[in-house]
Each structure stands twice: as C-alpha cells, then as structure tokens.
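Student: I have a structure here, written as structure tokens, and I will follow up with some questions on it.
Since every read-out is calculated from the coordinates, none of them should be taken as a lab result. Because the structure is predicted, anything quoted here is derived from the model rather than measured. So basically every Cβ, Gly included, is an ideal-geometry build from the backbone, and we count neighbours across all protein chains shown.
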Amino acid sequence: MRRFIQHTELARDSRFMRQNSLNAIFTSLPNDVDQVVEMFERFDPIIAQFVKGTPFEDIYEQYGPGFNLILLNERLRPDETFVELKLNARMHGIFAGELQALEGAGRTLWDFPEAPWDFKMNMARQCWDESRHVQIFEKLLAHVGGEVGQFPESTFLFEAACADDPVLRVAGVNRGLEGLACDIFRDMIEFAKLKGDKLMEQAIDYVLADELTHVRFGSEWVREFTKDDPKRAKAAKDFQREVDRQFSIGGARSAAEDAAIPIAVEERKEAGFTDQEIEELAEVSTSGPTRQTLRDAAEILRVRHQARKQQKEAKEATA
Ligand SMILES: [Fe+2]
Ligand SMILES: [Fe+2]
C-alpha cells in the first residue's frame, strides 16, 4: 500500500460530492464589510452552482451568496429560523469530519513505520474510536432527518493530516481540529439539552469523551516529539496556530460572549491545553471579522441578490 496520499485520492462512493473551492473564502475573511461583500459576490457563480440540488437551494434564493454567513454566524438554537437546515448541515459536516479523522489517523499509522510503538498504538486506538464516531454520526444524521451525501464534502481535515512530519499531524489534527471538535460538540450538547433530545445529548457526550483523549495524546506527542528541538517545536506551534486561525470559521468560533461556537475551556484544559494556549486561541479566533461585520455583509448581499433577481424577472417579463 502506498504511503502519503493526497486528499484527492480519498475513496468515496457515488453518494458523495466534493466541494473544496469555497474553503478559501471562509479561511481568509477580513474584518471589513465591503471586502466581505466583494469576496462573496466574486464567488457567486461557484456558490450558485454548489447549492444546486442541495438543501441550500431555498436559503440561497432568499439570501444569495452570503447565505452561509446566516448559517455559520448565529448560534444553533432550537427556536431559530433555519434550525433544521443548520442542524442537518452541521451533522453532515461532522460525519464527514469523523470519516476523515479515521482516514487521517489510519494514514498516520501507516505513513511513519519508524515512529515509536506507543505513538502507533495511539493512532490505532484513534482509528477504532473514529470508526465508532462515523457510525454514531451516521445514525445521528438520520435521527435529525438528514442523509449521507445530501451536502457536499470538504476535505479540510484530511488535508491537515498530509504533512510529512508526524508532529505537524498531531499538532494540526489532534490539537487544532479535534480541539475545534470539542468546542462544537460542547455546543451541540447544550443544543440537545435545550431541545430535550436525550439521545443526541448522550451520544455526543460519549464522542466528546473520546475526542478529549485524542486531543490529550496530541498534546503529549507534540511535547515528546519536540523536546530538545526548538525548531521543530516552533514549526508545530506555527502549524497549529494556522489551523486554529483558518478554522475559527470566519470568527464564528471565538471567546466572545455571543460567539456562535464558544471555546470549550474546561474540556480543553482537561485535554492538556495551558491557560496561555487558551488565551492565544481566543486571540487567534477573534482576529477574523466580528459578528456585526458578517451580519452587515450578509444583509447587503441579501438586498443585492433580491435586486438582481427582480431585474432578471423584469427583463424576462418584457422579453
Ligand atoms: Fe471523532
Ligand atoms: Fe478524534
């Protein structure tokens, strides 16, 4: 079996659609309303194409290319307007993330035959956990009325698991992205409690307990691999910081009081994050646009989208 495969080579059946071209927008949003509007308008043709035949079609009709700002920027709460769509999209995203976490840990086990035995045991154990998570989220997706393949898949998690150095993989995936998973799972548990959905609450709580151990051994291996090697330690820290910055989802995950996804401080401490690292994460997460910037941009995009639609309809009526 070949070592070091790219994200484009991941095996998927015919239910899955791939969509990576929009990742660049969400990982580079500035805190400037006009620039955010400009970016989304530039990508409008791709976004229009991407929503076709997906459950996003209706919300795109209403809000135009900035619809995702409405979905990502607001908290997941049972009384919210788009709660069903948002919940399905989030469950589907997590399901795909679990699949890639399984593939990432599996590849890391295989790609570094010279790595310490204990490291390989941890990766093997993670594979076992992630395969259970894939099954849990497949069932949770069905539980909320969704199905596999209804949304396009982005392979950002697996892409963070393609580095040549195993320390970057555990820094980026285990500490960066699985840390983000802890933030999201904590928020989902709160949502399930508010909704009175015991099954969802308990299932995600079980998964969160596993994720904590993955983040924890990520913390341990970064320490172990980089002891006496400040250059490698810096590379690991920089890589994780970049992953944290990119996947704060345009500021949606932050330490702000009204954050759409708050940082799960208690869980992160339990998983080996220091107070200083949590402070740094809060800093990185708030370096993106504010919620107000994104709300203002979404409103401008909505108004322009509606105006364009009316113009088009008027033109068709006179033709
Ligand atoms: Fe997982
Ligand atoms: Fe995990």
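Student: Quote the charge dipole size of the chain about the Cα centre in Debye, to the nearest 20; the model charges only the Cβ of Lys and Arg (+1) and of Asp and Glu (-1).
Tutor: 600
Student: Could you give me the ³J(HN,Hα) list for the range 83-89, computed from phi with Karplus coefficients 6.51, -1.76, 1.60 and θ = phi - 60°, whole Hz, x at Gly and Pro?
Tutor: 4, 5, 4, 5, 5, 4, 5
Student: Which residue fluctuates the most in the chain, going by a Gaussian network model with Cα springs under 10 Å, if the choices are E266, E98, E84?
Tutor: In this elastic network of the chain, the residue with the biggest mean-square fluctuation among E266, E98, E84 is E266.
Student: A follow-up question, please. Got a sec? Charge dipole of the chain, +1 on Cβ for Lys and Arg, -1 for Asp and Glu; which of L10, P166, A209 is way out at the positive end?
Tutor: L10
Student: Let me ask something else about it. I'd like to know how the range 188-232 sits against the 2.2 N^0.38 Å rule of thumb: what's its Cα Rg over that expected value?
Tutor: Its radius of gyration relative to the 2.2 N^0.38 Å reference: 1.79.
Student: Another question, then. So what is the diffusion coefficient of the range 213-319 in µm² per second by Stokes-Einstein at 37 °C and 0.692 mPa s, using a Kirkwood Rh over Cα pairs? Before the final figure, lay out each step's value.
Tutor: Details: Rh = 16.8 Å.
Diffusion coefficient, whole number: 195 µm²/s.
Student: Take every Cα pair under 8 Å in the range 33-134 that's 6+ residues apart, average their separations, divide by the length, and report that relative contact order as a whole percent.
Tutor: With pairs under 8 Å counted, the relative contact order is 21 percent.
Student: Quick one: what Rg and Dmax do you get for the chain from the alpha carbons, in Å?
Tutor: That works out to 20.1, 75 Å for Rg and Dmax.
Student: Report, by chain and number, residues whose modeled amide H sits under 5 Å from the one on E153, excluding near sequence neighbours (fewer than 5 apart, same chain).
Tutor: Sorted by chain and number, the residues that satisfy this are M17, R18, Q19.
Student: With a 10 Å cut-off between alpha carbons and a GNM built on the chain, which of A255, A264, A209 moves the most?
Tutor: Result for the chain, Cα springs under 10 Å: A209 fluctuates most.
Student: Here's another thing I want to ask about it. What do you get for chymotrypsin sites (Phe, Trp or Tyr not before Pro) in the range 13-45 restricted to DSSP loop and a cutoff of at most 10 other Cβ within 10 Å of the site's Cβ?
Tutor: none
Student: Once you put a point 7 Å from the Cα of Q49 and another 7 Å from the Cα of E242, both along the Cβ direction, what distance in nm separates them?
Tutor: 2.7
Student: Okay, moving on. Using Cα-only point scatterers and the Debye equation, what is log10 of I(q)/I(0) for the range 1-90 at each q in 0.14, 0.18, 0.22 Å⁻¹, rounded to two decimals?
Tutor: Computed log10 I(q)/I(0) values: -0.63, -0.95, -1.22.
Student: Using a simple spin-label model with points 7 Å from Cα along the Cα→Cβ vector, what separation in nm is obtained for K312 and E257?
Tutor: 4.2
Student: Over the chain, calculate the relative contact order: mean separation of alpha carbon pairs under 8 Å at least 6 apart, over the residue count, as a percent.
Tutor: Reported relative contact order: 27 percent.
Student: Now a separate question. So if I average 1/r over every pair of distinct C-alpha atoms in the range 37-132 and take the inverse, what Kirkwood radius in Å does that give?
Tutor: The Cα-based Kirkwood calculation yields 16.2 Å.
Student: Okay, moving on. Quick one: 3J(HN,Hα) in Hz for the range 282-297, Karplus 6.51/-1.76/1.60 with θ = phi - 60°, rounded, Gly and Pro as x.
Tutor: Using θ = phi - 60°, the values come out as 4, 5, 4, 5, 8, 7, x, x, 6, 4, 5, 4, 5, 5, 5, 5 Hz.
Student: Further, regarding this structure: How far is it, in nm, from the label point at E266 to the one at Q6 when both lie 7 Å from their Cα along the line to the Cβ?
Tutor: 4.5
Student: Right, here's the next one. Can you list the residues, at least 5 places off or on another chain, whose amide H is less than 5 Å from the amide H of I261, using H built in the peptide plane?
Tutor: Amide H neighbours of I261: R253, S254.
Student: Give me log10 I(q)/I(0) at q = 0.16, 0.18 Å⁻¹ for the range 55-106, Debye formula, one equal scatterer per alpha-carbon, no solvent.
Tutor: -0.55, -0.65
Student: State, in angstrom, two size descriptors of the range 228-267 derived from its alpha carbons: Rg to one decimal place and Dmax to the nearest whole number.
Tutor: Over the range 228-267's Cα set, Rg and Dmax evaluate to 13.2, 41 Å.
Student: Are there trypsin sites (Lys or Arg not before Pro) in the range 7-84 that DSSP puts in a loop and that have at most 13 other Cβ atoms within 10 Å, and which ones?
Tutor: Those that pass, being in a loop and sparsely packed, are R12, R15, K52.
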